[in-house]
Amino acid sequence: MTTPEPPPATALGLTAEHVSKSFGSVQALHGVTLTFPPGRVTALMGENGAGKSTLLRILTGDHRPTRGRVLLDGRELHLTSPIDARRAGIRIIPQEPEIIPHVSVAENVYAGSLPRRAGRRLDRAELHRRITADLARLGFDRVLDPDRLGSRLTAAQRQLVEILRALTGETPPRVIAFDEPTSSLSEHETEALFELIGRLRDLGIAIVYVSHRMKEIFHLADRIAVLRDGALVGEVDATRTTESELVRLMVGRDLAGLFVRQHVATERVVLDVRHLTTDAVRDVSLTVRAGEVVALAGLIGAGRSELALALAGDLPIRSGTVTLNGRALKARSPRDAIEAGIGLAPEERKAQALLLHRTIRDNTTLVSQRRLRRWRFVSRTRERALAQEYADRLRVRAPSIEAEVRTLSGGNQQKVVLARWLARRPELLILDEPTRGVDIGAKAEIYQIIADLAREGTAVLVISSELPEVLGLADRVVVLQNGRITGELDRADATEEAVLALAMADDLAPTTAATTPSLDATTPSPDATTTDTPSGANR
Amino acid sequence: MSATEAPSAPRPKDRPEPGRRPAGLRTLVASVGGQNLSLIAALAVVVVLFGSLNPNFLGWDNIQVIGEAATIAGLLAVVQTVVIICGALDISVGSQAGLASVVSAMVFTSTGSSAPLGIGAALLAGAAVGLLNGAVIIHGRVNPTIATLAGLAAYKGLAQLVSGGRAQGFVLNDPVFVFLSRGKIAGLPTMIWILVLVAAAVHVLLTYTDIGRNIYALGGNDTAARLAGINLNKYLISAYALTGTVAALAGILLTARTGSGQPVSGSEGLELQSITAAALGGCALKGGKGTIGGTLLAVALLGALQNGLTVQGINSFWQNVAQGLLLVAAVVIQQRRNRERAIGLPA
Amino acid sequence: MSATEAPSAPRPKDRPEPGRRPAGLRTLVASVGGQNLSLIAALAVVVVLFGSLNPNFLGWDNIQVIGEAATIAGLLAVVQTVVIICGALDISVGSQAGLASVVSAMVFTSTGSSAPLGIGAALLAGAAVGLLNGAVIIHGRVNPTIATLAGLAAYKGLAQLVSGGRAQGFVLNDPVFVFLSRGKIAGLPTMIWILVLVAAAVHVLLTYTDIGRNIYALGGNDTAARLAGINLNKYLISAYALTGTVAALAGILLTARTGSGQPVSGSEGLELQSITAAALGGCALKGGKGTIGGTLLAVALLGALQNGLTVQGINSFWQNVAQGLLLVAAVVIQQRRNRERAIGLPA
Amino acid sequence: STGQTASASGDGDVKKVDGKISLTYLQKQGDQEYFVGEAAGAKAKAAELGIDLKVVNLGNDANKTVSEVQSAIAQKSNGLIVVVPDPAVGPQVVQAARDAKVALLTSDDQICTTGPDPAACAKSDLVPRIGFSGEQMGGEVGKRAAEEFKKAAWNPAETRTISAWKQDVTVCGDRVKAAKAAFATGSGAAVQNIDVATDNTPTGAQDKVAATITANPGVKHWVVWGCNDENVQGAVTALQNAGVGPDDIDGVGLGAYLACKDWKSGKPSGMKAALFINGKDVGALAVQTAYDRLKNGKAFPAEAFAPTRMVDAATWQAAGVNCS
Ligand SMILES: Nc1ncnc2c1ncn2[C@@H]1O[C@H](COP(=O)(O)OP(=O)(O)OP(=O)(O)O)[C@@H](O)[C@H]1O
Ligand SMILES: Nc1ncnc2c1ncn2[C@@H]1O[C@H](COP(=O)(O)OP(=O)(O)OP(=O)(O)O)[C@@H](O)[C@H]1O
Ligand SMILES: [Mg+2]
Ligand SMILES: [Mg+2]
């Protein structure tokens, strides 16, 4: 580890020099000086709200720094808008994909630089050629239909559109910043992305990579810069550091084990699903017992989220039965399901969960109003106490619980969504990608809370695309593929290979050779998920 | 695990924050709200300006006049605020008031001058029309703007049909209607009391009850509200029913003020007035945002402005120009405070 | 890289979709658009109904009359569509048309009956007013609804001030204005040609140029558009300038039709008409969605309806009711086809 | 009817109709009480004569006037009776009717065949008209107001007159102007006038007049006239609410349809009198005149006036004012 020093003005690559940024009373960045050299992957790490996205948005012209400047190859850039950054070859894949709803994927990708013929005529043939070529070049051609409307894309597909946007365009990219690009991708797309990043790096492009996933960081990064409370606290060589050192830098203390697990599952079946068929899943049967944590694994589009929504009463059930605590559940709306004791923290926080213009307090207590009200008047004191309790437990980083959720960093927003459902304490808690974008400290806290809930007898169904999480948390793993259950693994049998094999079951056969080798790099050692390894360390 | 007890990263609270305002002023600003603050400033400017031009402007009599003149539009603005917070719009409020006005006068006349029956019938009619609006929107899946635009025409036509297009009855020989139009309680006109009470009730509903929370939630993000178990349909239909009922109350006051049931005259254009007041008062037309306090301030500002211009004897052409300019000025000043970047459409 | 050849998750397309329609019908429906299809159906119903009640309704004369009557509102609906696709709204279009009408007639008169100067001045005034609207919204950070609501009052007041509230000049001794109001080209009235040409130009702009695609992008998601390097401000201000110019064209036609510059009469209420047509034609008021074809169909439907009701001698009270009911019916039928779940507000 | 003058210009080509006559009556402000009455009178007459009559509401829309005239012609109407929202649109209407060889009659408001302003129009270029003269109506109102003013023997210095009207409606301006002139002559006193801009609705007038009272606190007596009954009634209500006694108000309405409600209640009212203009008579007379022209070839009279009467609390019932 070296103490950050102002680099010489001639340094190649993208440089942030003494950059500070404040939003009203919140100081998001304090005099950060950092260089991203060409042909290297620089990882940016830090807790939720440490200022990573803010730094990236300054580098890409979306925010203007309160103080400091941005240099490219030693020359100062005057970035007044994202266009300037784009012209200079600086691209970003933002944390939250921004999709234009009523136009096609192709137009989404090339928005702002659509191909045109004489005058300003749109060249549709050229547009089609380009998108087909780019999709094929990047290997997304089978997951992304260029004619699909933006409003009909899944979370993963949206992410892919953002990646495409960053990699295409007139000026060749010099710098590409990835802000938690894998948070809604499954293992499979992640691998493809990593290969892509490797190729980009070899082309001499400076890569900035923001992630909370240690595994990815160590796999990809050449250098790691750590932010804490808006200040740069360290810049280290990836080969010469350890996970615990990074954690200490980020959090300012050591973390004990990431996964805390004891077997507390009882025999009482809370959720019993039999032959459930909806528009997206077919003939699904599964059970979750009190105190048990069951994980649903699968690739993108396997139908896990839709299964969750159906259980939560938001999507119609075509056939099959759902039994909750021995009583048949016929939920025709989320309200019915919630009253019966099911809570679902959905996967897309902005679209499906958050009231962005309301406070943390309002967002946290939304489904616990009944507990807090007398007649119909909500008790402010009790409401505040409840919201504060969970904000503290989950370490939500905000000026106070009266801050608007809109102003929080992505990970902190995710914590608010979880807080809402944890505060309600349902009998069956369904968590769809609960730790999307959450930092390692808070992740540990969330796992702890899940474990506590299980101990108290809550049945937990976790949907996660992060395999270590699936394996570390679950008593049992149920794998879905293409809307059907392809297998169920007990904790003892659940390894990454086993889960992946089931997730890709009938796809896998013909081209196993093409995918299997690339698994090596990311496959952790078998003990990766045991209770006593510190902080999920699998390396 | 130990992390819970371990010292954690410093909470932002503990860090020194530069640019912070003195705590007292800050709390005050926060509790009044930035939007409201600039409305108050604009109101102060209007009051000082017209008050210095003509001292009678600030007389108690004239303040009551302003209040009375603003009551009908004010009532509609209050319920419009609720509808807008839900993320919808009700363009038919004026027509609903006209219909209720006619109903109140005709039932009053035909029941041998029974004010309670007349008023009751009008309120029922208003609630029914509101429910119809809600049902068309929810179950007919018609966009609220279009549905109530259709209502604007249909309810006006209905009022005209029922009344044959004529002013109906005469109610000012009945003490109840006289009390409504000219009475006072504790020195304040009945009309103003009604506005104050309705506004206070809606304010309490929105701010202190879970119903209000749910309304803000469904207006802010309807998917989130649905997944949080809020019965969207019930709330939306209720919001329209409330709007219909309060619009009927406005119609009854219209009858009391003019002495007879007016199918169109006096209620046309109220929809724009109420939407103007709500929007100026800080409602986001996308939903999820707005307060009754802000709306009432906007009602007061617009009422004072109109009265002041008339007191100054300014002709109606200049009044139009002045109203437009002041409306823009009030918002521009307010936005200057936010120092938002001037890119794209403002929220 | 190997991922290109590697198998990946199944494409959504490959999954069986139940309730799929036969391909041929499906392509047709897709190319016309579901929304448009039901508008065409509604139009057919109106035509058959009124045509069978009165054969004159389908006469070529009457069809031209319908077209001419719909032209002014139609022009405004076309530009309103653009503004709504941007995610904004222009409530001041009627007032802008009134102002332009007065300007055209007064400049015409004061330049010794020069039609080109009168028309040119009106178009310039319209563009200037549109730019002002855009500037107030973007640089003043005033919500478009409020800004143009203010414009509705201010431009109307301005037109009244300029004209003293009276109709101005007389233009029907000038061949240009006579040609605009009564002329024909290839058997079709000039007015209709103008509407068709403007609509076609805007349609081409929206569909076949990158400008149009950028407009859809910024209306659909302004953050995405901004990050993609689209200059939001330039587009929004241009949209308002276009609206002002076309509103001025409508004002000039108003002058030609009525024979003199009308400050208010003839332009009041056009804002609601244009918004109704755009919304009925399938524009989402949230932005990002809408077509000129749909808007024109809605203009035709509303025009035919109004004409048919008058032809049938239905009195204006019933007309109001009927218009409201039919507007709702058209949308309900259209929505039934979508089989959307009846939860929350329809889009 | 009163005041018939000799035949007029404009419709030489109109042919006699042998079959069923079809007429279209196009009215401005068709939802206003006076015009509702006019339409009812016209319909009753048409039914009596076996005419096919359509009534069209033009609102305040000059553009709609042109559209509806064209539409009526496309529907093969034989004759048009029109009350224009704005006289400036007159030449267009005349042109359309002439081109189609359709009989054209106006009611209430005058239009000129050659230019936008009837006041500046040669007598021979005016389109035949049935109705009331705005100037005459205003004059009668002013005259009666002056009478009441003199009877009350108010001090001119302590008195103000209020003229309440919607300032962008041309005919309203004409009426008010005539009332002012007639009051000045009739009263022989110099009473200061206050113009109040309203929207021609009772509540609008009430709010605006209330503000006007604020601006003029020293005034003891008030004389009120306006464009219609709505204005006067709203103004009188505002005055009474401000504590001005009925004895200190001299309101003269125009239309009598709202004034009668005050009188019906039997209480003393500031509404001292109102000019009763019976829309029914105008409507009926207009239809009759058109019928005579089309059926019998009888030339249009240049102008024909239906009777008006000044009524007050004592006489309104006898005069046949319909008070619903
Ligand atoms: N628009 C804004 N208004 C006010 N505060 C903001 C705004 N945007 C960011 N912040 C604050 O700035 C700080 C840094 O946020 P940033 O989004 O950069 O965090 P991050 O490191 O990307 O976190 P995460 O890992 O959760 O994405 C946070 O405290 C956040 O609340
Ligand atoms: N908004 C949508 N519109 C149309 N199809 C959708 C939509 N969302 C999901 N789908 C489709 O439904 C199927 C199941 O998607 P779902 O989101 O449930 O998958 P998942 O297993 O949760 O995967 P992940 O959440 O990792 O993307 C996919 O094939 C997807 O294409
Ligand atoms: Mg971030
Ligand atoms: Mg999912």
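The values are calculated or read from the model by the stated rules, or taken from the named source; none is laboratory data. Quick caveat, the model's predicted, so the values are computed rather than measured. Cβ: placed from backbone, ideal geometry, glycine included. Neighbour counts: every protein chain shown. With ligands, DNA and RNA removed, areas are computed over all heavy atoms of the protein, side chains included. Shrake-Rupley method; radii C 1.70, N 1.55, O 1.52, S 1.80 Å.
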Residue match in region A:235-248 (condition: assigned to a helix (DSSP H, G or I), within 14 Å of chain C (Cβ to nearest Cβ) and either within 16 Å of ligand 4 (Cβ to nearest atom) or in contact with a helix residue (DSSP H, G or I) (Cβ under 8 Å, 6 or more places away or on another chain) (or both)): no
All positions within region D:205-228 that are more than 7 Å from chain B (Cβ to nearest Cβ) and within 25 Å of the chain's Cα centre (by Cα): D:Ala205, D:Val209, D:Trp222, D:Val223, D:Val224, D:Trp225, D:Gly226, D:Cys227, D:Asn228
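Here is a yes/no grid of residues against (1) in a strand (DSSP E or B); (2) within 13 Å of ligand 1 (Cβ to nearest atom); (3) farther than 30 Å from A:Glu243 by Cα; (4) within 14 Å of chain C (Cβ to nearest Cβ):
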site	(1), (2), (3), (4)
A:Thr35	yes, no, no, no
A:Met45	yes, yes, no, no
A:Gly49	no, yes, no, no
A:Ser113	no, no, yes, yes
D:Ser71 open to solvent by less than 10 Å² (accessible area, probe 1.4 Å) and facing another protein chain (nearest Cβ under 8 Å): yes
Criterion violated by B:Gly212 - all others in (1) open to solvent by 20 Å² or more (accessible area, probe 1.4 Å); (2) in a helix (DSSP H, G or I); (3) more than 9 Å from chain C (Cβ to nearest Cβ) satisfied: (1)
Residues satisfying the stated conditions in region A:347-383, i.e. within 26 Å of A:Ser465 (Cβ to Cβ), assigned to a helix (DSSP H, G or I) and at the interface with another protein chain (Cβ under 10 Å from one of its Cβ atoms): A:Arg349, A:Lys350, A:Ala351, A:Gln352, A:Ala353, A:Asn363
Segments classed as helices (runs of 4 or more DSSP H), wholly inside region A:396-479, with at least 3 members that are within 16 Å of ligand 3 (Cβ to nearest atom): A:410-424, A:440-455
Looking only at region D:260-275, and only at residues there that are of a type in the set (Lys, Arg) and crowded, with 24+ Cβ neighbours inside 10 Å, the one that is modelled with the highest pLDDT: D:Lys272
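For (1) within 11 Å of chain B (Cβ to nearest Cβ); (2) more than 16 Å from ligand 4 (Cβ to nearest atom), each residue gets a yes or a no:
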position: A:Glu402; (1), (2): yes, yes
position: A:Thr407; (1), (2): no, yes
position: A:Glu433; (1), (2): no, no
position: A:Arg436; (1), (2): no, no
position: A:Ala459; (1), (2): no, yes
Selection from region B:36-55 of residues that are open to solvent by less than 20 Å² (accessible area, probe 1.4 Å), farther than 13 Å from B:Leu309 by Cα and free of Cβ contacts under 8 Å to residues at least 40 places away in the same chain: none
Options A:Ala331, A:Ala387, A:Ala391; residue that is assigned to a helix (DSSP H, G or I) and within 11 Å of chain B (Cβ to nearest Cβ): A:Ala391
Residue tally, condition facing another protein chain (nearest Cβ under 9 Å), open to solvent by 10 Å² or more (accessible area, probe 1.4 Å) and part of a helix (DSSP H, G or I), over region A:126-161: 5
Qualifying residue in region B:177-195 (condition: at the interface with another protein chain (Cβ under 7 Å from one of its Cβ atoms), more than 20 Å from B:Phe108 (Cα to Cα) and buried (at least 24 other Cβ atoms within 10 Å of the Cβ)): no
Lone unmet requirement of (1) touching a Lys or Arg at 6+ places or on another chain (Cβ under 9 Å); (2) under 29 Å from A:Met214 (Cα atoms); (3) within 16 Å of ligand 1 (Cβ to nearest atom) for A:Leu56: (1)
Residue match in region A:95-104 (condition: open to solvent by 20 Å² or more (accessible area, probe 1.4 Å), closer than 30 Å to A:Leu408 by Cβ, in contact with an Asp or Glu (Cβ under 7 Å, 6 or more places away or on another chain) and within 16 Å of ligand 1 (Cβ to nearest atom)): yes
Selection count where residues are assigned to a loop (DSSP other than H, G, I, E, B) and surrounded by fewer than 24 Cβ atoms within 10 Å (Cβ to Cβ), scope region D:202-228: 5
Looking only at region C:290-341, and only at residues there that are assigned to a loop (DSSP other than H, G, I, E, B) and open to solvent by less than 40 Å² (accessible area, probe 1.4 Å), the one that is nearest to the other protein chains (Cβ to nearest Cβ): C:Gly313
Which numbered condition C:Asp222 misses (of (1) away from chain B (no Cβ under 14 Å); (2) open to solvent by 50 Å² or more (accessible area, probe 1.4 Å); (3) on the phi < 0 side of the Ramachandran plot): (1)
Within region C:259-289, tally of residues that are assigned to a loop (DSSP other than H, G, I, E, B) and more than 27 Å from C:Leu37 (Cβ to Cβ): 10
Residue that is nearest to ligand 4 (Cβ to nearest atom) [pool: residues in region A:171-185 that are polar (S, T, N, Q) and open to solvent by 10 Å² or more (accessible area, probe 1.4 Å)]: A:Ser184
Given (1) open to solvent by 10 Å² or more (accessible area, probe 1.4 Å); (2) over 28 Å from A:Asp202 (Cα atoms), number of the condition A:Asn48 does not satisfy: (1)
Filter result for A:Thr54 (hydroxyl-bearing (Ser, Thr, Tyr) and either away from chain C (no Cβ under 12 Å) or not in a loop (DSSP other than H, G, I, E, B) (or both)): yes
Which numbered condition B:Val78 misses (of (1) under 30 Å from B:Gly308 (Cβ atoms); (2) more than 14 Å from chain C (Cβ to nearest Cβ); (3) open to solvent by 10 Å² or more (accessible area, probe 1.4 Å)): (3)
Selection within region B:64-96 - of a type outside the set (A, V, I, L, M, F, W, C) and in contact with a Phe, Trp or Tyr (Cβ under 8 Å, 6 or more places away or on another chain): B:Asp90, B:Ser92, B:Ser95, B:Gln96
Residue under evaluation D:Lys76, criteria (1) free of Cβ contacts under 8 Å to residues at least 40 places away in the same chain; (2) touching a strand residue (DSSP E or B) at 6+ places or on another chain (Cβ under 9 Å); (3) farther than 15 Å from D:Tyr25 by Cβ, criterion not met: (1)
Selection from region C:111-139 of residues that are part of a helix (DSSP H, G or I) and within 14 Å of another protein chain (Cβ to nearest Cβ): C:Val129, C:Leu132, C:Asn133, C:Gly134, C:Ala135, C:Val136, C:Ile137, C:Ile138
Single match in B:Ala159, B:Ala154, B:Ala128, B:Ala167 (criterion: in contact (Cβ under 8 Å) with a residue 12 or more places away in the chain and closer than 17 Å to B:Leu242 by Cα): B:Ala128
